[in-house]
Amino acid sequence: MRALRSIEEMTPQWCSAALSGWIGSARVTDVAATAVGTGQMADTYRVRLSYRPAGAGPATCIAKLASASPATRTAAKVTRAYEIEARFYQHLAPRLPVRSPRCYVSCYDERTRAFTLLLEDAGDGRVADQAAGCAPGEVERAVDQLAALHGPMWGDPAPASLAWLPRHDGPDAAWMASLVQRVHPRFLRRFGDRLSTQVLDLLDFFVPRVERYLRDRPGPRTVVHGDFRADNLVVDEGRITVLDWQTAAYEPAATDLAYFLGGSLDVPRRRAIERAVVRRYVRALADHGVKLRVDDCWRDYRRYAFGGLLTSIVASTLVARTDHGDGLFAIMANRHGMHAIDLGSDSFLR
């Protein structure tokens with residue numbers, strides 16, 4: 001399949017070919033696309049489809065394409081976000097029991113870096129609220145999905161052979177540290193008056209140590225999501241579906257757990273439940289054959305609490321600005337900073 005450069009290229013003929021494995025000899029006769037969501041890395045649309053014969057396939061799908069924003073496309077090129085998400089759906093999603101949208105087609109053009117996903121529509125599900133924080137019950141179900149993602153390839157060296165799947169302690173560590181040093185002043189100009197004094201002091205400590213943080217990565221590795229947070233979770237009748245796999249990587253599992261709890265809950269609630277949630281995660285991993293001591297998980301959870309602060313600095317300064325995005329990045333930076341402070345995560349870098 002050919003990756004599309006714009007939603008206008010999503011014709012009935014293209015959709016018929018993309019859905020051929022599900023609709024057989026039926027044909028798509030009409031396509032109507034409406035922009036949805038607030039994602040800042042890709043442009044997302046709900047696509048309504050008509051068929052001959054009627055009802056031959058899904059009434060709606062979700063389409064993701066490269067952003068229309070030149071700045072965001074540059075950020076995606078730097079981070080390889082489009083390639084990673086396309087390859088995840090091609091190579092890993094069919095092998096993992098984590099609940100992600102069914103993928104009808106995944107295309108990536110290495111020359112133009114265009115990409116197109118046609119995904120199952122989550123329908124009546126609602127996206128969890130990042131700013132307000134996950135509601136009661138959502139945290140536990142989300143952690144169960146984390147275990148379903150991490151467990152099957154826990155400690156498996158095979159993903160390291162996938163050239164498209166990042167491993168952040170490799171050659172990219174020095175490059176990322178240099179990038180953080182360059183964008184940190186811009187981050188402070190944009191968000192400094194929204195951050196607590198404690199978090200600003202922590203940034204002064206952390207930014208010069210980013211490369212060390214990335215290179216010193218003990219702990220069992222597996223396929224991780226890399227941006228596992230409330231805004232990337234759809235809740236529907238008690239189920240959680242995980243979206244946006246543009247940051248998948250081969251990393252220590254606790255990086256996802258720390259990032260999720262540090263950013264997807266307000267600080268008082270995170271403090272109140274985090275130990276119980278870590279225990280639940282360990283029990284859920286056991287259902288996938290993984291033996292992990294709670295104390296070892298807690299240690300790695302503390303170690304990787306800086307990950308959300310790192311993401312806040314980089315992502316907020318690379319993607320196209322929006323009022324919603326700026327507000328969210330400020331909330332996340334404060335939460336992730338307090339997370340690292342509460343857990344004494346600086347002790348791993350001293």
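General remarks:
- Lys/Arg +1, Asp/Glu -1 at C-beta; the chain dipole; positive extreme among A26, H324, L310: L310
- Extension gain, E237-E120: 0.36 nm per intervening residue step, less the Cα-Cα distance, totals 40.5 nm.
- Long-range amide H partners of R321 with built H, under 5 Å: none
- Charge dipole (debye, nearest 20) of the stretch 1-84; +1 at Cβ of Lys and Arg, -1 at Cβ of Asp and Glu: 100 debye
- Lys/Arg +1, Asp/Glu -1 at C-beta; the chain dipole; positive extreme among T116, G133, V290: V290
- In Hz, Karplus ³J(HN,Hα) per residue of the stretch 258-273 (6.51, -1.76, 1.60; θ = phi - 60°; x = Gly, Pro): 5, 5, 5, 5, x, x, 9, 9, 5, 4, x, 5, 4, 4, 6, 10
- Relative contact order (%) - criterion: Cα under 8 Å, at least six apart; region: the chain: 18 percent
- Estimated 222 nm signal from helices in the chain, with DSSP H stretches of n ≥ 4 weighted -39500 (n - 2.57), rounded to 500: -13000 deg cm²/dmol
- Rolling a 1.4 Å probe over the heavy atoms of the protein chains gives the chain an accessible area of 43 Å² per residue.
- Environment charge at P97 (Cβ cut-off 12 Å; Lys +1, Arg +1, Asp -1, Glu -1): 0
- Close amide-amide hydrogen proximity is noted between D121 and I62, each under 5 Å apart and 5 or more residues distant or on a separate chain (H modeled in the peptide plane; Pro and chain starts excluded).
- With θ taken as phi - 60° and the Karplus curve 6.51 cos²θ - 1.76 cosθ + 1.60 applied, the whole-hertz 3J(HN,Hα) list for the stretch 170-181 is x, x, 6, 4, 5, 4, 5, 4, 5, 4, 4, 4 Hz, x standing for glycine and proline.
- Spin-label model distance (nm) - H324 vs A32, 7 Å beyond Cα toward Cβ: 2.2 nm
- Note on the stretch 255-295: with charges restricted to the Cβ of Lys and Arg (+1) and Asp and Glu (-1), its dipole about the Cα centre is near 180 debye.
- Probe 1.4 Å, all protein chains present, accessible-area order of I7, I240, largest first: I7, I240
- Karplus-based coupling profile of the stretch 344-349, in residue order and whole Hz: x, 5, 4, 5, 7, 10, with θ = phi - 60° in 6.51 cos²θ - 1.76 cosθ + 1.60 and x standing for Gly or Pro.
The values are calculated or read from the model by the stated rules, or taken from the named source; none is laboratory data. Worth saying up front: this structure is predicted, and the values here are computed from it rather than measured. Every residue, glycine among them, receives a Cβ derived from its backbone with ideal geometry; neighbour counts consider all protein chains shown. Accessible surface areas use protein heavy atoms only, side chains included; no ligands, DNA or RNA. Shrake-Rupley method; radii C 1.70, N 1.55, O 1.52, S 1.80 Å.
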